[in-house]
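Inspection log for the structure reproduced underneath, given as structure tokens.
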Amino acid sequence: MGLTIAQKIIQAHLLSGEMTPGADIGLKIDQTLTQDATGTMAYLEFEAMGVPRVKTERSVAYIDHNTLQTGFENADDHRFIGSCAKKHGIYFSRPGNGICHQVHLERFAVPGKTLIGSDSHTPTCGGMGMLAMGAGGLDVAVAMGGGAYHIPMPKMVKINLTGMLRDYVSAKDVILEVLRRMTVKGGVGKIVEYGGEGIKTLSVPQRATITNMGAELGATTSIFPADEVTRAFLKAQGREGDFTPLASDPDASYDEVIDIDLSALRPAAAMPHSPDAVKTVEEIGKIKVDQVLIGSCTNSSLLDMLTVAEMLKGKTVHPDVSLGIAPGSKQVFNMMAECGALATLIAAGARILECACGPCIGMGQSPNSGGVSLRTFNRNFEGRSGTADGKVYLVSPEVAAASAVTGVLTDPMELGEAPKITLPDHFMINDNMIVPPAPESEMDKVEILRGPNIKPFPQAQPLPDTLSADVLLKVGDNITTDHIMPAGAKILPFRSNIPYLSNFCFAQCDPDFPARCKEAGKGVVVGGANYGQGSSREHAALVPLYLGIKAVVAKSFARIHAANLVNAGILPLTFADEGDYDTVALGDTLTIEDAAAAVERGDETLSAAIGGRTVALRCGLSQRQREIIKAGGLLNYTKEHVED
Ligand code: MIC
Ligand code: SF4
């Protein structure tokens, strides 16, 4: 039987396991990336493993998240990451060079290779036929050290694109349509592959918008074939030599096929507060808008910026609207400056922000109280903007630009003729903000520069024989890692200080949770379906570990978060009968006799006494994950297996 694109890449990188859906597979990782909000921890973990130089083909450390620098903390972290990069063989993308995913796509992505990144939007490079996955920092550290990356073998979904996007309808509208159909948990355990005649009409930046926001489906990753469109993009980036064609076999079989006619799509928006709450702009109607923000790793390419500039030419931003624009990379920014697009945007009244994540992660530009903010970003979780009652709608650059001028949510199809933007034959190539590592012969001379904000990370403990702890929190469905460990300008600077971060754990759901944990000394969290969706931040596991959380019992988990819990030595369990979720109350004591032995034996069902009743809990861990739990987390496990 033929193979899908992802199966081909997996087969070529398979170090352990069989390609049967759900089975644990270990993959050889060719490239890694980190960003600064997860990077400090990842490099501390890499140091703790004791491997002197990275063993990957290419590892890159980006600084793009914490660039507000309201105190010394972020600048210290940047310096620390820069020095680690130099010493250990990692390329360092300096602050100002752009958002990791945009820069990686432009300068490093290679079709057919594997990439993991300590950021959930790493699948962006799937737009170029790369198997690119988000992972926890510790998994990235292990991959840098030459270890395999383990995932459950995903099922395959094919999205068959036909037709062609109409004027003013954008790649963003394609992924919004996929989200509308599949929902934020519809992609869990799956890889989404795009194919069909329609893909030929989509450029690499458009494809990357689609694979980027595939993260919001909960999918393991999303991928496009590498074809002549890919070759042209690589050639324009001066990297034609990196091109290899890649396509699925004609008889490849998929677990699910979804057909989308591009010509039938209309400009759409994801309404507050979930990326799958999608309606067309026409259906939502002309609501008043307070803020428009254009940028983020989803929509900050040159194509996006030139489209917006063309739509704003000779216009003025509506008096009631604040328009902010953050280009995705220095390459994009520089080219906008050269061709005059930047001047057009300035003239229209846009507030130009540095090329970084910025407002996407709540680093500035929080909207006014109750304000409506249209953003070309990928997440609109409640409170993520920094304004608790802000209402964030996720839209395309075209909808954003049209609405910035009218002051109300506007379907750009109502405007006149659409601008026709073509990508250049040659991008401006200047990698002067990417610092290469020191040669191996000089690595010993490089001093690691540590700031006072870097605190030791918590050490996981092996599972006790009898697990007995109180339920210290009960939450509902679709809890995001932004709920578990919020980001934003006030908290993000402390990503390397777990004790301080712990004061904000679950702040939005229950501000008393940290104090309750500290008093109890140990505890259990109970969650609904898709627990831990969203970001890859391992802080959402490390902070609960620090607070003494021993297990999380949920209806189901998002992939990266479940892996992060195991890596931190916290046991993720699901209710065998989802109805039991309703019977558990805050304060109940959960006891699993013989927990360590049952996990080690490979028991798939554990019997728990919760509040006087007996409840069956499922333990869906692979053999390797069971050993990690037994060892007390991935770091201990890796140290034990260092000779393997
Ligand atoms: C996000 O978009 O939520 C982030 C910030 O990029 C995170 C990473 C982090 O929390 O540092 C992600 O997507 O993984
Ligand atoms: Fe940065 Fe936002 Fe992309 Fe996360 S989603 S990497 S915060 S731009």
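The values are calculated or read from the model by the stated rules, or taken from the named source; none is laboratory data. Remember, it's a predicted structure, so these values are computed and weren't measured experimentally. With ideal geometry, Cβ positions are generated from the backbone for all residues, glycine too; neighbour counts draw on all protein chains shown. Only protein heavy atoms, including side chains, enter the accessible area calculation; ligands, DNA and RNA are left aside. Shrake-Rupley method; radii C 1.70, N 1.55, O 1.52, S 1.80 Å.
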Taking 294-302, 427-435 and ranking on average Cβ neighbours within 10 Å, highest first, one gets 294-302, 427-435
In Å², rounded to a whole number, the accessible area per residue of the chain with probe 1.4 Å is 34
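Rounded, prolate or oblate, given the Cα gyration tensor of the range 479-542, with a/c below 1.5 counting as rounded?
Values: a/c = 1.68, a/b = 1.05, b/c = 1.61.
Judged from the Cα gyration tensor, the range 479-542 comes out oblate (a/c at least 1.5, b/c at or above a/b).
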Counting only residues 5 or more apart in sequence or on a different chain, those whose built amide H sits under 5 Å from that of Ser322 are Gln291, Val292
In whole angstrom, the spacing between the Cα centers of the range 365-412 and the range 43-92 equals 33
Ranked output for segments 473-486, 229-242 by mean other Cβ atoms within 10 Å, highest leading, reads 473-486, 229-242
Placing +1 on each Lys and Arg Cβ and -1 on each Asp and Glu Cβ in the range 171-319, then taking the dipole about the Cα centre, the residue among Ala264, Ile191, Met305 whose Cα reaches farthest towards the positive end is Met305
What the Cα atoms of the range 472-607 span along the principal axes, largest first and in whole Å, is 43, 27, 25
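Rounded to a whole number, what is D in µm²/s for the chain from Stokes-Einstein with the Kirkwood radius over alpha-carbon pairs (25 °C, 0.890 mPa s)? The partial results should precede the final answer.
On the way: Rh = 24.7 Å.
So the translational diffusion coefficient is about 100 µm²/s.
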Dividing the alpha-carbon radius of gyration of the range 312-424 by 2.2 N^0.38 Å, where N counts its residues, gives 1.07
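Rg(Cα) of the range 92-219 divided by 2.2 N^0.38 Å?
Values: Rg = 15.0 Å, N = 128, 2.2 N^0.38 = 13.9 Å.
For the range 92-219, the normalised Cα radius of gyration is 1.08.
Express as a percent, rounded to the nearest 5, the fraction of DSSP beta bridges in the chain (both residues included) that run antiparallel. Before the final figure, lay out the partial values.
Details: 30 of 86 bridges.
Around 35 percent antiparallel, to the nearest 5.
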If the label point sits 7 Å along Cα→Cβ of Ala232, residues of the range 169-202 with amide N under 15 Å come out as 198-202
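Rounded to the nearest 0.05, what FRET efficiency do Gln623 and Asp477 have when you use their Cβ-Cβ distance and R0 = 30 Å? The partial results should precede the final answer.
Numbers: r = 30 Å, r/R0 = 0.99.
It comes out at approximately 0.50.
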Taking a crude spin-label model, label points 7 Å out from Cα along the C-beta direction, the Glu578 to Ala609 distance in nm is 3.0
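Contact order normalised by length for the chain, with contacts defined as Cα pairs under 8 Å and 6 or more residues apart; what percent is it?
Numbers: 1636 pairs, mean separation 93.6, N = 644.
Dividing the mean separation by the residue count of the chain yields 15 percent.
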Of all C-alpha pairs within the range 75-133, those more than 13 angstrom apart amount in percent to 64
The set of residues whose placed amide H lies less than 5 Å from the amide H of Ile159, leaving out same-chain residues fewer than 5 positions away, is Glu193, Tyr194, Gly195, Ile258
Simple SL model, points at 7 angstrom along Cα→Cβ for Lys490 and Glu310; separation in nm is 4.3
On the formula 1/(1 + (r/R0)^6), with r taken between the Cβ atoms of Arg166 and Lys286 and R0 of 25 Å, the FRET efficiency rounded to 0.05 is 0.75
With +1 at each Lys and Arg Cβ and -1 at each Asp and Glu Cβ, the charge dipole magnitude of the chain around its Cα centre, to the nearest 20 debye, comes out at 920
Cα-based Rg/(2.2 N^0.38 Å) for the range 530-588, rounded to two decimals, is 1.12
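What fraction of the DSSP beta bridges in the range 543-644 is antiparallel, stated in percent and rounded to the nearest 5?
Working: 10 of 14 bridges.
Taking every DSSP beta bridge within the range 543-644, about 70 percent pair in antiparallel fashion.
Taking only the alpha-carbon atoms of the range 1-92, what semi-axes of the equivalent ellipsoid follow from 5 times the gyration tensor eigenvalues under a square root, in whole Å, largest first?
Details: eigenvalues 220, 44, 27 Å².
Result for the range 1-92: semi-axes of 33, 15, 12 Å.
At a Förster distance of 41 Å, what's the computed FRET efficiency of Ile448 paired with Glu256, Cβ-Cβ distance as r, to 0.05?
Here the calculated transfer efficiency is 0.30.
Gain in length, Gln459 to Cys339, computed as 0.36 nm per residue apart minus the alpha-carbon separation, to one decimal in nm?
Numbers: separation 120, 0.36 × 120 = 43.20 nm, distance 5.22 nm.
The span from Gln459 to Cys339 would gain 38.0 nm if fully extended.
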Note to self: C-alpha centroids of the range 602-638 and the range 566-597 sit apart, in Å, by 9
Asserting the computed 222 nm helical MRE of the chain (DSSP H runs at least 4 long, -39500 (n - 2.57) per run, divided by residue count, to nearest 500) equals -8000 deg cm²/dmol
For the range 159-233, the percent of all C-alpha pairs falling in each 10 Å bin, from 0 up to the bin holding the max distance, is 20, 55, 23, 1
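Kindly state, as a whole number, the per residue volume in cubic angstrom of the convex hull around the alpha carbon atoms of the range 202-346. Walk me through the intermediate numbers first.
Values: hull volume 23.3 nm³, N = 145.
Per-residue hull volume (Cα only) is 161 Å³.
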